[in-house]
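So the structure is just underneath, and the comments pick up after that.
Any read-out appearing in this document is the output of simple, stated calculations on the displayed coordinates, not a laboratory observation. As the structure is a computational prediction, the values presented were derived from the model and not from experiment. We place every Cβ from the backbone using ideal geometry, glycine too, and count neighbours over all the protein chains shown.
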Amino acid sequence: MTYIAGSYTTKFGELWERDLRSLGIEAIEGALKDANIELKDIDALYVANMAASRLSGQDHIGSLIASELGIDVPAYHIESACASGGVAVRLGHLDILSGESKNILVLGVEKMTDISNSGVTAALSGASDEEWEAFYGATFPSLYAMIAREHMRKFGTTREQLALCSVKNHAFGSKNPHAQFPFEITTEQVLDASPVADPLGLLDCSPISDGASAIVLSKEKKSDVKIISSAQAQDTISLHKRNDITELTATVKAANKAFHSAGLNRNNIDIVELHDCFSIAEILAYEDLGFAKKGEGGKLIESGKTGPGGSLPVNTSGGLKACGHPVGATGVKQIAELASQLSGSAGARQISKNLKYGLAHNVGGSGGTAVVHILAKVG
Ligand code: COA
């Protein structure tokens, strides 16, 4: 059994005065304090980071953070693009289940704003197929824009439905002091924002962010929240090799596996943190995770069910859109947010004190990797 003993997320945003290591150490110290566990009791360190090599000239991130902490436990660097955080949590969980470790630190950290946005875009494009996508100038906004166009053509999904995802995530994010954009926006603002890759505009896109999030995983019951299933699946890295680009098949496979191993169905889930890197990604995730029928994700966002006051709140942290998306940190932050909500310690953004099951969904690239975790509150 793996318990989320503690967690901590730094402020996300353009943090000019911070560097990779100071963000990482702040998150780790906060998580250890929250877990009431000492550094000497940690058996392994997993560090999720996608692009420090290109963005900060820093490789060997496991060693960097371990040496800053002054510990000599095994330290691993996990890279799986924007799914690095979810994969790191999963590997830490498997390490505990294997019996090798009792307490594990999982850190997700990314420092993105020290170079120009075009430099960051080029670095992020490293998560696509370099030969067949990035080489021809296809960026992630443009890849997701193609998915959006096809979803609109095939299912009649509207521009307004896409916009509602961003409006909803900002409504939640407005209550999160750690969020990069802690304010509400309107549908009109989303529709009127500068175009990025048609049909996606500025306010359909997750931003470029700095930030870190850490959790402590424990074999012993040090909290009321545990991981009850963890699943990962892969798909082709490039869109053109897929039969249907309106589905992220890796998400479908990971979700089915996670629900099967947890012995739960979709109606059991009380709260979700999902991967809304672009507004269309949230619509796809509704369908691929099984919360809406194929083609009906747009209707689900319109229904209000996933928004404030709805019966299936999605992205109470503000999601990638409003909370920010320091790519390596995102998957860890999702677990931290669910742990706070399930344990009733989410403060102003606490949805309810009666939450039992939460689902986290983290995607790498345009769906080459997907990770799904289900967390439960135990008595
Ligand atoms: N939401 C709300 N406001 C945003 C924003 C967003 N997503 N992105 C930028 N802004 C704001 C900035 O704070 C800034 O405001 P200011 O002028 O008051 O300081 C303004 O809009 C312009 O920001 P800037 O960073 O110059 O925009 P940009 O045009 O260079 O970049 C994007 C905007 C959307 C292209 C960029 O954030 C991006 O590429 N996002 C996607 C990242 C990505 O692909 N991640 C991986 C996903 S798989």
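Quick check on this structure: which one of GLU110, GLU100 is charged (D, E, K, R), in contact with an Asp or Glu (Cβ under 8 Å, 6 or more places away or on another chain) and closer than 21 Å to HIS275 by Cα?
Step by step, each of GLU110, GLU100 is checked, and only GLU110 is charged (D, E, K, R), in contact with an Asp or Glu (Cβ under 8 Å, 6 or more places away or on another chain) and closer than 21 Å to HIS275 by Cα.
Inspect all residues belonging to region 111-132 and state whether any of them is within 11 Å of the ligand (Cβ to nearest atom), assigned to a loop (DSSP other than H, G, I, E, B), over 30 Å from LYS294 (Cα atoms) and among the β-branched types (Val, Ile, Thr).
Yes, the conditions are met somewhere in region 111-132.
With ALA348, ALA285, ALA339, ALA292 as the choices, which residue is in a loop (DSSP other than H, G, I, E, B), out of contact with any Cys (no Cβ under 6 Å at 6 or more places or on another chain) and hydrophobic (A, V, I, L, M, F, W, C)?
Exactly one of ALA348, ALA285, ALA339, ALA292 is in a loop (DSSP other than H, G, I, E, B), out of contact with any Cys (no Cβ under 6 Å at 6 or more places or on another chain) and hydrophobic (A, V, I, L, M, F, W, C), namely ALA292.
Here is a list of conditions, (1) outside any helix (DSSP H, G or I); (2) aliphatic (A, V, I, L, M); (3) within 19 Å of the chain's Cα centre (by Cα), and ALA88 meets all of them except one; can you say which number that is?
That leaves (1) as the condition not met.
In region 301-331, which residue that is of a type in the set (A, V, I, L, M, F, W, C) and touching a Gly at 6+ places or on another chain (Cβ under 7 Å) is nearest to the ligand (Cβ to nearest atom)?
This residue is ALA322.
Is there any pair linking a residue in region 57-79 that is in contact (Cβ under 8 Å) with a residue 40 or more places away in the chain and on the phi < 0 side of the Ramachandran plot to one that is among the β-branched types (Val, Ile, Thr) and surrounded by fewer than 20 Cβ atoms within 10 Å (Cβ to Cβ), with Cβ under 8 Å and at least six apart or on different chains, and which?
Pairs found: ILE65/ILE25; GLU68/ILE25; LEU69/ILE25.
Which one of these does GLU302 not meet: (1) touching a helix residue (DSSP H, G or I) at 6+ places or on another chain (Cβ under 7 Å); (2) surrounded by 16 or more Cβ atoms within 10 Å (Cβ to Cβ); (3) not in a loop (DSSP other than H, G, I, E, B)?
Only one criterion is unmet by GLU302, namely (2).
Please state which of the following conditions ALA339 fails to meet, knowing it meets all the rest: (1) crowded, with 24+ Cβ neighbours inside 10 Å; (2) closer than 30 Å to PRO141 by Cβ.
Tallying (1) crowded, with 24+ Cβ neighbours inside 10 Å; (2) closer than 30 Å to PRO141 by Cβ, ALA339 fails exactly one: (2).
So GLY62 clears everything in (1) closer than 19 Å to ALA329 by Cα; (2) buried (at least 21 other Cβ atoms within 10 Å of the Cβ) except one condition, right? Which one?
(2)
Output the number of residues of region 202-233 satisfying the condition of being touching a residue at least 60 places away in the same chain (Cβ under 8 Å), surrounded by fewer than 19 Cβ atoms within 10 Å (Cβ to Cβ) and within 16 Å of the ligand (Cβ to nearest atom).
Of the residues in region 202-233, 0 are touching a residue at least 60 places away in the same chain (Cβ under 8 Å), surrounded by fewer than 19 Cβ atoms within 10 Å (Cβ to Cβ) and within 16 Å of the ligand (Cβ to nearest atom).
Go through (1) out of contact with any Pro (no Cβ under 8 Å at 6 or more places or on another chain); (2) under 30 Å from LEU64 (Cα atoms) and name the single condition VAL109 misses.
Exception for VAL109: condition (1).
Of all residues in region 178-205 being charged (D, E, K, R) and touching a strand residue (DSSP E or B) at 6+ places or on another chain (Cβ under 9 Å), which is farthest from CYS277 (Cα to Cα)?
Restricting to residues being charged (D, E, K, R) and touching a strand residue (DSSP E or B) at 6+ places or on another chain (Cβ under 9 Å), the top hit is ASP192.
Taking GLN334, is it surrounded by 24 or more Cβ atoms within 10 Å (Cβ to Cβ), away from the ligand (no atom under 16 Å from the Cβ) and assigned to a helix (DSSP H, G or I)?
In short, no.
When residues of region 351-375 are filtered for being more than 12 Å from the ligand (Cβ to nearest atom) and either part of a loop (DSSP other than H, G, I, E, B) or among the hydroxyl-bearing types (Ser, Thr, Tyr) (or both), how many remain?
Summing the residues that are more than 12 Å from the ligand (Cβ to nearest atom) and either part of a loop (DSSP other than H, G, I, E, B) or among the hydroxyl-bearing types (Ser, Thr, Tyr) (or both) in region 351-375 gives 7.
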